[in-house]
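The values are calculated or read from the model by the stated rules, or taken from the named source; none is laboratory data. This structure is a prediction, so every number in the text was calculated from the model and none was measured. Note that each Cβ is placed from the backbone with ideal geometry, even for glycine, and that neighbours are counted across all protein chains shown. Side chains included, ligands, DNA and RNA excluded: accessible areas come from the protein's heavy atoms. Shrake-Rupley method; radii C 1.70, N 1.55, O 1.52, S 1.80 Å.
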Amino acid sequence: MVLTARHDVRGRRRAGLDWGVRRVAKPVVFLACLAPLAWLGWLAMAGGLGANPIEAVVRDLGSWALRFLLLSLAITPARQALNLPVLMRFRRMLGLFAFFYASLHVLAYVGLDQFFDWTAVWEDIVKRAYIAVGLGAFIVLLPLAITSTKAMIKRLGGRRWQRLHTLVYPAAALAAVHYVMMVKADLREPLLYAGILALLLGWRLVARVRRVRRGPAHQAWPGSSARTSVKPPETAVATRGR
Amino acid sequence: MLIRSRKPTDPLPSAITPRKHYLDRRRFMVATAAAAATTGTVGAVGVAVPKARARPAQRFDPFTLSPLSTDESPTDYDAVTTYNNFYELGTDKGDPARNADKLKTRPWAVVVDGLVQRPATIAIEDLLTRFDLEERIYRLRCVEAWSMVIPWVGFPLAALLDRVEPLGHARFVAFETLLDPDRLPGQRRPILEWPYVEGLRLDEAHHPLTILAVGLYGDVLPGQNGAPVRLVVPWKYGFKSIKSIVRISLTEHMPPTSWNRSAPDEYGFYANVNPTVDHPRWSQRRERRIGEFFRRDTLMFNGYADEVAHLYAGMDLATWY
Ligand code: HEM
C-alpha cells in the first residue's frame with residue numbers, strides 16, 4: 001500500500017538520521033570540543049604559551065568555559081531559527097564541556113597559579129570580587145552538571161529539571177561579569193561576550209512575551225483544559241527548549 | 001631560563017659582591033653571546049644567557065655597570081620584549097611587540113620645562129651621547145603581581161635635572177608620553193586618557209636609583225619597552241615607569257597620573273611596591289617572577305627599602321598607596 005510504503009521511508013529516514021547523529025555527528029562534535037584543550041596542551045609542550053604560561057593556561061581555559069556556555073545557550077535559538085530540531089541533541093554535550101573547561105580553569109588557578117596555597121585562595125575569594133563572582137558561577141554550574149544524566153532528568157521530572165536548569169542563565173551572567181570585572185581597562189572582549197549573552201537571553205525574553213501574548217490556549221497541552229495542572233510529556237524537555 | 005632558589009633579599013648585592021665580579025660576568029655574557037651567535041647554538045651555561053637568537057648587538061658597549069645593580073639573573077630577553085604593558089601599542093601583552101614597528105623614534109626630542117632655570121628641548125641624539133650611560137640591572141615589579149629582572153642602559157634622571165636647574169619652589173616632576181595615534185595606534189581608542197602621564201616627587205626623581213633608560217640588554221630600547229627613552233623607578237609598580245617620553249615638566253603641585261585618573265581607588269600617586277597594602281585586583285603579597293613556577297614573596301619597596309624607605313618616613317603608606 002502506498003500509505004505504508006511512505007510511512008516506511010519516513011521511518012527509515014528517521015532511523016538513519018538517528019544513527020548518523022549517534023555514530024558520526026556526536027563523536028565528531030565531541031572531538032571538536034576537545035580540540036581547544038589539545039591545542040593548549042600542544043602549546044604548553046612546545047613552549048608556545050609566552051612569557052607567563054600559567055596565566056595563559058588559566059585564561060584560555062576560562063575563555064573556553066564561557067564560549068561553550070554561550071554555545072550551549074545558542075542551541076535553542078538556532079534550532080528554532082534554522083528549524084533544525086536535531087541541534088537539540090548536542091546541547092547537553094556543549095553544556096557539559098562548558099563545565100569541563102570551567103573545572104579545568106578553576107583547577108589551573110588553584111593548582112598552577114596558587115599552587116594549592118589555600119590561604120591565598122581564600123584571601124582571593126574574600127578580597128577580590130571578580131574571583132568571588134567566578135566561584136559563584138562555578139557553584140551554580142555544579143548542580144546542572146550533576147543532574148545532566150537521563151536518570152536524573154527522570155528522577156526530577158521534566159518540569160522540575162527544566163526549572164533547575166534555568167540556573168544556566170545566572171551562571172552565564174556571573175561568568176560574563178567575572179570576565180568584565182577581571183579586565184583593567186580594555187573592556188572590548190569581555191563586553192563582546194556579555195553582548196552575545198544579552199542577545200541570547202533577549203531572544204528568550206521576546207519568545208516568552210510572544211507566547212504569553214498568544215494567550216493561554218496556545219500554551220496548553222493537547223487534551224487538557226487547565227494550563228497549570230498539566231505536566232508536559234518527558235519528550236517535551238528535548239523539544240521545548242529552555 | 002635559570003631558576004634561582006636564592007631569595008632576592010639583597011637590595012645592594014654589590015655591597016657583598018665585588019664590582020669586578022659583575023664586569024667579569026658581563027664580559028662572559030658578551031663573549032658567550034658572541035660565541036653562540038657565530039656557532040648558532042644556544043649557550044647552555046650556568047649564567048643567565050638568553051637565547052642566542054634573541055641576544056642583540058652590544059650597541060652601547062662599552063659602558064659601566066652600576067653598583068646599584070642586582071646580581072639576580074636577568075629575565076630572558078624574549079620575555080622582556082614580548083610580555084609588555086604598553087596600551088598605546090595594544091592591550092594584549094603580546095601586542096606591543098607586534099606593533100612596535102609603528103613607533104618611529106626619529107625625529108624625537110624631549111622638552112624639559114616648567115619650574116626650571118634653563119628650559120630645554122633635548123634631541124634624542126644628545127640624550128644618547130651627552131650623559132654617561134650605565135648598565136642598571138633592576139627588579140621590575142608589575143602591579144599585576146608578576147616581576148622580571150631587567151638590564152637597562154641609562155643614566156640617573158638627576159643628571160638631567162641638574163642641567164636644567166629646578167627652581168626653589170619646584171616640588172614635583174611630571175612626565176608625558178608621545179601623543180601620536182599614527183605612531184601609537186592604541187591611542188585611537190579611549191582606553192585611558194591620552195597621552196599617558198606620570199609623576200614623581202622631586203626627591204624621588206632625584207634619587208640615584210631613578211633613571212632614564214635608553215637601552216635594554218646592551219642595545220637600544222625596543223619600541224615595546226618604551227623607545228627611545230623611558231623612566232625606570234625600580235621600587236614602584238611598573239606603571240610609574242612611563243614610556244616613550246616627550247616632556248618632563250617641573251611643577252609645584254602634584255601632577256595627575258594616568259592610572260590614578262582611570263581608577264583612583266586602585267592606583268595611587270605613589271604606587272610604591274608594598275606587600276602589605278592590598279590591591280582590589282591582585283594580592284600584592286607575592287609575585288610570579290617570569291620564568292619561575294612558584295610565586296615568591298614580594299619585598300617592601302621591591303627590595304630597595306634600604307635605599308628609599310627614608311623618603312617616606314612618617315607617611316602612612318596605606319593612605320598614600
Ligand atoms: C572558582 C571559580 C573561578 C575562579 C577562582 C576563577 C579565576 C580566574 C582567574 C584567576 C582568571 C585570570 C585573571 C588574570 O589572569 O588576571 C580568570 C579569568 C577568566 N575566567 Fe575565571 N574563575 C572561576 C570561574 C570561572 C567560570 C565558572 C568561568 C566561565 C564559565 C570563568 C571564566 C573566565 C574567563 C572568561 C576569564 C577571562 C579569560 C581571558 O582573559 O581571556 N571563570 N578566572
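The table that follows gives values for the structure above.
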item	result
Number of the condition not met by A:Ala102 [criteria: (1) farther than 18 Å from A:Ala56 by Cα; (2) within 7 Å of the ligand (Cβ to nearest atom)]	(1)
Residue count for segment A:172-192, restricted to those that are crowded, with 17+ Cβ neighbours inside 10 Å and more than 9 Å from chain B (Cβ to nearest Cβ)	9
Which numbered condition A:Leu40 fails, given (1) within 9 Å of the ligand (Cβ to nearest atom); (2) open to solvent by less than 20 Å² (accessible area, probe 1.4 Å); (3) more than 20 Å from A:Val140 (Cβ to Cβ)	(1)
Residue in segment A:120-128 that is in contact with a helix residue (DSSP H, G or I) (Cβ under 7 Å, 6 or more places away or on another chain), open to solvent by 50 Å² or more (accessible area, probe 1.4 Å) and either closer than 19 Å to A:Leu174 by Cβ or away from the ligand (no atom under 12 Å from the Cβ) (or both) present	no
Exclusive hit being part of a helix (DSSP H, G or I) and within 16 Å of the ligand (Cβ to nearest atom), set A:Gly95, A:Gly50	A:Gly95
Residue match in segment A:55-74 (condition: touching a residue at least 12 places away in the same chain (Cβ under 8 Å) and more than 13 Å from the ligand (Cβ to nearest atom))	yes
Residue, nearest to the ligand (Cβ to nearest atom), within segment B:137-159, restricted to residues that are outside any strand (DSSP E or B) and away from chain A (no Cβ under 14 Å)	B:Leu157
Check on B:Thr91, among the hydroxyl-bearing types (Ser, Thr, Tyr), more than 14 Å from chain A (Cβ to nearest Cβ) and open to solvent by 20 Å² or more (accessible area, probe 1.4 Å)	no
Listing of strands (runs of 3 or more DSSP E) fully contained in segment B:202-321 that carry 2 or more residues being within 14 Å of another protein chain (Cβ to nearest Cβ) and open to solvent by less than 20 Å² (accessible area, probe 1.4 Å)	B:286-289
Odd one out for A:Trp161 among (1) assigned to a helix (DSSP H, G or I); (2) farther than 17 Å from A:Phe99 by Cα; (3) open to solvent by 30 Å² or more (accessible area, probe 1.4 Å)	(3)
